[in-house]
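One structure is given here, and the rest of the page talks about it.
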Amino acid sequence: LDMGNLSYMDGGTNTTATNPSRLGDPVINYVHFPAGMYQTLHTHPSHRVGLIVKGNGKIELDNKVYFNVVEGEVFFMRRNCLHNFITESEPVILFVFAQIAAQAQLTK
């Protein structure tokens with residue numbers, strides 16, 4: 001497929017590894033980014049913790065601030081931070097841990 005299951009995945013896939021049993025519980029996603037991908041800049045409404053399971057790539061934060069991510073590393077990203085992932089010659093696989101607060105959902 002040309003796209004993953006979310007519009008900003010740009011060829012990658014995002015699979016829910018653990019579904020939250022109730023609003024406010026954490027969720028874990030298994031994410032695969034193919035080689036040669038430049039993901040669309042986007043944000044999330046919750047903090048994110050990521051674990052790079054395989055591969056090496058980059059995260060772009062707030063338009064043109066780049067950080068290398070390598071296999072075995074863990075990263076933290078604040079909610080509403082504009083970001084994207086970039087892969088070069090190899091795919092990147094990661095787990096992403098997130099929790100959307102129940103209170104935030106109730107006030108929308």
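Each reported figure results from applying straightforward, stated rules to the coordinates on display, with no laboratory input. Note that the coordinates shown come from a computational prediction; the quantities given were computed from them, not determined experimentally. Note that we place each Cβ from the backbone using ideal geometry, even for glycine, and neighbour counts take in every protein chain shown.
Label Asn14 and Glu71 with points 7 Å out from Cα along Cα→Cβ: what is the distance between them in nm?
Roughly 2.6 nm, to one decimal.
Evaluate the distance, in nm, between pseudo-label points positioned 7 Å from the Cα of Ile28 and of Phe95 along their respective Cα→Cβ axes.
Inter-label distance under the simple model: 0.3 nm.
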